[in-house]
Amino acid sequence: MAYLRSILRSGKNAVPAVLRREFHRTLPAAVQVTVRDAIKEALDEELERDERVFLLGEEVALFEGAYKVTRGLWKKYGDKRIIDTPITEIGFTGIAVGAAMAGLRPVVEYMSFNFSMQSVDHIINSAAKTYYMSGGLQPVSIVFRGPNGAAPGVAAQHAQCFAAWYGHVPGLKVVSPWSAEDAKGLLKSAIRDDNPVVFLENEIMYSVPFEMSEESQSKDFLIPIGKAKIERKGNHVTLVSHSHVVSRCMDAAAVLAKDGIECEVINLRTIRPMDMEAIETSVMKTKHLITVEGGWPQFGVGGEILARIMEGPGFSYLNAPAVRVTGVDIPMPYAKHLEENTLPQIKDIVFSVKKTLNV
Amino acid sequence: MAGETSFPEPQLAGARLVVSARTYADFTPQASFDIKNCDVHKLEEGPPLQAVLTREEGLQYYRTMQTIRRMELKADQLYKQKIIRGFCHLYDGQEACAVGIEAGIKRSDHLITAYRAHGYTYTRGGTVREIMAELTGRRGGIAKGKGGSMHMYTKHFYGGNGIVGAQVPLGAGVALACKYLGKNELCVCLYGDGAANQGQIFETYNMASLWKLPCIFICENNQYGMGTSVERAAASTDYYKRGDFIPGLRVDGMDVLCVREATKFAAEHCKSGKGPILMELLTYRYHGHSMSDPGVSYRTREEIQEVRSKSDPITLLKDRMLSNNMVSVEELKEIDVEVRKEIEDAAQFATTDPEPPLEELCNHIFYNEPPMKVRGISPWIKLKSVS
C-alpha cells in the first residue's frame, strides 16, 4: 500500500526529503527518497569510495544534469571527476571506453538512451566484446546510464526502450531499476562491477519517492545484478515487468485484488542476466504468466521470457498460454490521448489477467 | 587496476645482438644522418633535420623490421594454404612506422591501432610465436585463439581494432586516463588514410584538444583506403592539417629515423602539457588491403615495384649502415638467418599447437565473475563460462 500511495503522489514530498537528506548526518529508520536522489546518492558514494570513478556526459557538471540527477556533484568533486562533454556521443563514449581499458571506472551519462544509438558501436564492439576477444586480457569496467523508454510528450525519437537491444548482447550486463532502492543498490553494484553495464533509468520514475529502509541507506548497500525481486506475492497469476511499468502492475494488482484475484508481481531489476529461476518458481505456483513492458513487442523482453518458459521446467505448469503485454508496435505518437493508448495502462493489465484466467 | 596484472611482461623486440667475427672496434659506433624535412602545420618548427643512429640501435631496428617483414610474408603463405582464415591485413612495407614510433616513445607509454596490427603487436612486446598462433587460432595464441588477426593485445597496447576509426576515441580515452592518473605517459592513436574521414575522429580531435589530452594522433597514410586512393576519398589529402586547431607534421614514413625523430618531437609536445599533436606518416603497403585483395585493381604493379626498389624501409636502413661502416654484410645476413629461423619455428608452433578446447568456448565473457551458465545452441545444451 505504501508503494501505491507513493506512486500516486505527484512527488511534492520529494523536495522536503531532499532537504532533510542534506542537513542531517544521521537518518531516521526509514525515509522517503526519490529515484533521482537515490541515483545521485549512489553516484556520490561511489565517487567518494573509489578515485578511479568519474562521470562524463552532456550537462552533467555545471547544468547539474539535464534531469538534475547529478546536482551538487560537480561542486563537490570538480572538473576532473565530473566532465561536461560536447554533444558528440560516439566520440565521448569511445573516450570513456578507452579510459576504462586503461584502468579508470567511467560512468557515462546519456541524456536519453535514444542518443546512445550513435554510440552503440563502442558499447558493443569496443566494450562488450573486448574481454572475450582478448582471451581474458582486457577487461572494460564501465557503466552507461541514463533515462530509457517512455517519457511524457517527448514523441517518437525520444521515447524508445532499449532493453531488448542491449539485452541481446553477450558481454553486457543490462539493469533496469524501478524503485529508489533498486536504483541505488543496483547502480552501486554496476559501478563496482568490473564489466560493461548498461543502466536503464526512466524519466517518469525520477520524481517518484519511495521508502528507503535503514539498510539501504548504508554506503555499502548493494543489490546483486541478476536477481529479480518479488514486489507483491500472489497465487493466481505472475506478472513480470521492469522499470516504470512495475508501477502499473502494482496498481493493476490492487484493482484485481478487489475481485479476489491475487497477482504475484515480479520486478525483474536486471534484464541481462535475467533471473529466470524467480520467474519459473513463481509460474510453478501460479500457473499463469503475463509479461508486461513498455517496449515494442517484436523481439522484446517479453518474447525472451516466453521463449525461455517454453524451453524450461515452467512450461508444464502453465494452465494457459503465457502472453505479453507490451507497447503498441508503432513509433511513439505525440498527442496525449494517442500516447496513453500506446503504453500498457492499468486497464490493459487487468484485462489481460482476466483473459488469461478466463474470468 | 583491472587488467594490469593479466598481461605477461613484454619482450624487447630485436634486442638480441649478433656477435660478429669482426670486433666492434672495426665498426663505426654511431653516425649522424640527414633526414627529410617535415611539413608542419601550426608549429613554429619541426623535428631536427639530422638523426644520430648508434650501431646497436641500427641492428635493433633492422632486426625488428626484418622480423615483421618475414612474419607478414609467412602469414601470407599460411593464408594461401588456408591455415589462416578470415581477415588478414598485412603490414609489409610499413615497418619503419611501427619500429620508428616505438623508438620514439617509452615502453610505459600506450598505443592503439586499427586492424593492420601484427607489426605493432610485435613492437609492443608480443612474440612472433604467440602472434602467429593467434592468426592460426590456436590455444597458444596471444588471445588464446579467441580474437584472431584483428584482436591482439599486450600490456599498454590496446589492439588490434576491427571497426574503422573506433580506435581513435578509445586511444584518446587511454590518454585521458594517463592524465587523470598523473602518470606522465601518453597514448599513440593510429589510424589510416581511409579512417581519417571518420566523424568520430573529428569529435576526438575536439575533445582531446579541449581537455589537452596527451595523445599523438598518427595517420598512417599508405595512399589507399582498401581500394580507394586518397584523392578519391578525401576532399583534403593533407591529413596532417585535418586536425585544424591541432598542430601537425607530415613525415617520411619509409625512413625509420625520420619516424623516430618525429615521434620524439611529438612526444615532447604532448608531455609538456601542450595537448595533442598529429603526425601523418607517408608510407606504403606492398600487399593489398587484406589477403582477399590482390592489390592491383586500383594501382599498378609498376607503382608497387617502384616503391620496393626506391623506398623500401629495410633497404634504406641497411644501405645507410653499410655505407657508413656501421655493420657488415655478413652480420646482416646472420640476422636474416636468425629471423628466418625464428619465423619458421613460430610457424611450426602455430600450425601444430592445438585449437582452444571446446570446454573453454564460453570463457572470458565477464571479468572477475563467479562461473555462470551460458545458453548453448539448443535448450538441452548447457554450457559454462568461467572468468
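Computed with a 1.4 Å probe over protein heavy atoms only, the accessible surface of region B:106-169 comes to 21 Å² per residue. In region A:112-133, the residues whose accessible area drops by at least 50 square angstrom when the other protein chains are added to the isolated chain are A:Tyr131, A:Tyr132, A:Met133; the probe is 1.4 Å and only protein heavy atoms count.
On the basis of the beta-carbon distance and an R0 of 35 Å, A:Glu51 and A:Ile230 show a calculated FRET efficiency of 0.40.
Helical content alone sets the calculated 222 nm signal of chain A at -10500 deg cm²/dmol, taking -39,500 (n - 2.57) per DSSP H segment of four or more residues and averaging over every residue.
Mind checking the log10 I(q)/I(0) for chain B at q = 0.10 Å⁻¹? Debye, one equal scatterer per Cα, no solvent, two decimals. Rounded to two decimals, the profile gives -0.66.
Give me a single rounded figure for B:356-368: the average over its residues of other chain Cβ atoms within 10 Å of their Cβ. Please report the intermediate quantities before stating the final value.
On the way: counts 1, 0, 0, 0, 2, 0, 2, 4, 11, 10, 12, 12, 6.
Mean number of neighbouring Cβ atoms from other chains: 5.
Of the heavy-atom accessible surface of the protein assembly as shown (probe 1.4 angstrom), what whole percent is carbon and sulfur? After summing per-atom areas, the C and S share lands at 55 percent.
Shown here is the pair-distance distribution of the protein assembly as shown: with all Cα-Cα distances grouped in 10 Å bins from zero up to the longest one, the shares run 3, 14, 22, 22, 17, 12, 7, 3, 1, 0, 0 percent.
Who wins for biggest fluctuation among A:Ser116, A:Ser316, A:Ser216 in a Gaussian network model of chain A, springs between alpha carbons below 10 Å? Sorting by GNM fluctuation, first place goes to A:Ser316.
Take chain B, connect every pair of alpha-carbon atoms lying under 10 Å apart with a spring to form a Gaussian network, then pick out the residue of B:Ala195, B:Ala117, B:Ala51 with the largest mean-square fluctuation. Highest fluctuation among the options: B:Ala51.
Ordered from largest to smallest accessible area (heavy atoms of protein chains, 1.4 Å probe), the residues B:Arg129, A:Arg81, B:Arg85, A:Arg36 come out as B:Arg85, B:Arg129, A:Arg36, A:Arg81.
With viscosity set to 1.306 mPa s at 10 °C, what whole-number translational diffusion coefficient in µm²/s follows for region A:229-357 from Stokes-Einstein and a Kirkwood radius over Cα pairs? Answer, rounded: 109 µm²/s. For the set A:Leu73, A:Leu306, solvent exposure ranked by accessible area (probe 1.4 Å, protein chains only) runs largest to smallest as A:Leu306, A:Leu73. Taking the DSSP beta bridges with both ends in the protein assembly as shown, the antiparallel portion is around 30 percent.
With solvent modelled as a 1.4 Å probe, how much accessible area in total do chains B and A shield from it at their shared surface, in Å² to the nearest 100?
4000 Å²
Among DSSP beta bridges lying fully in region A:33-217, give the percent that are antiparallel, nearest 5. Bridges in region A:33-217 are about 10 percent antiparallel. Cβ under 9 Å from A:Pro170's Cβ, A:Pro170 left aside: what net charge do those residues give with Lys, Arg +1 and Asp, Glu -1? The answer is +2. Calculated accessible area for chain A comes out at 39 Å² per residue, all protein chains present (probe 1.4 Å; ligands, DNA, RNA ignored). Taking all Cα pairs closer than 8 Å and separated by 6 or more residues, the relative contact order of chain B comes to 21 percent.
Could you work out the local net charge near A:Ala322, counting Lys and Arg as +1, Asp and Glu as -1, over the other residues with Cβ closer than 11 Å to its Cβ? Net charge in that neighbourhood comes out at +3.
The mean count of C-beta atoms from other chains within 10 Å of the C-beta of residues in B:178-186, rounded to a whole number, is 3. When the alpha carbon coordinates of chain A are projected onto the principal axes, the ranges are 60, 49, 40 Å, largest first. For chain B, modelled as a GNM whose springs connect Cα atoms under 10 angstrom apart, the maximal fluctuation among B:Gln94, B:Gln198, B:Gln223 occurs at B:Gln198.
Explain nothing, just the number: dipole magnitude of chain A about its Cα centre with +1 on each Lys and Arg Cβ and -1 on each Asp and Glu Cβ, in debye rounded to the nearest 20.
For chain A, the charge dipole is close to 580 debye.
Among the listed pairs B:Lys144/B:Lys341; B:Lys74/B:Lys382; B:Lys80/B:Lys146; A:Lys188/A:Lys355; A:Lys68/A:Lys219, which have their C-alpha atoms separated by more than 30 angstrom in this model?
B:Lys74/B:Lys382; A:Lys188/A:Lys355
The order of A:Glu89, B:Glu45 by accessible area, most exposed first and with a 1.4 Å probe, is B:Glu45, A:Glu89.
For region B:234-387, the Kirkwood radius over C-alpha pairs fed into Stokes-Einstein at 25 °C and 0.890 mPa s yields D = 115 µm² per second. Contact order, relative form, for chain A: 16 percent (alpha carbon pairs under 8 Å, 6 or more residues apart, mean separation divided by residue count).
Antiparallel DSSP bridges in chain B: what percent, to the nearest 5? Once the DSSP bridges in chain B are tallied, antiparallel ones form about 40 percent. Listed by chain and number, the aspartates and glutamates whose alpha-carbon sits under 20 Å from that of A:Lys233, ignoring those within fewer than 8 places in the same chain, are A:Glu181, A:Asp182, A:Glu211, A:Asp251, A:Asp259, A:Glu262, A:Glu264, A:Asp275, A:Glu277, A:Glu280, A:Glu293.
Shown here: region B:113-197, whose C-alpha atoms stretch 37, 31, 19 Å along the first, second and third principal axes, sorted largest to smallest. Normalised by the number of residues in region B:101-183, the mean separation of alpha-carbon contacts (under 8 Å, six or more apart) gives a relative contact order of 31 percent.
Averaging Cα coordinates gives a centre for region B:138-181 and one for region A:211-271; these two points are 41 Å apart.
Counted over all Cα-Cα pairs of region A:33-217, pairs farther apart than 22 Å make up 40 percent. Seen from A:Asp259, the other residues with C-beta closer than 15 Å to its C-beta sum to a net charge of +2, counting Lys and Arg as +1 and Asp and Glu as -1.
The values are calculated or read from the model by the stated rules, or taken from the named source; none is laboratory data. This is a predicted model, so every value here is computed, not measured. Note that each Cβ is placed from the backbone with ideal geometry, even for glycine, and that neighbours are counted across all protein chains shown. To get the accessible areas, we keep the full protein, side chains included, count just its heavy atoms, and leave off ligands, DNA and RNA. Shrake-Rupley method; radii C 1.70, N 1.55, O 1.52, S 1.80 Å.
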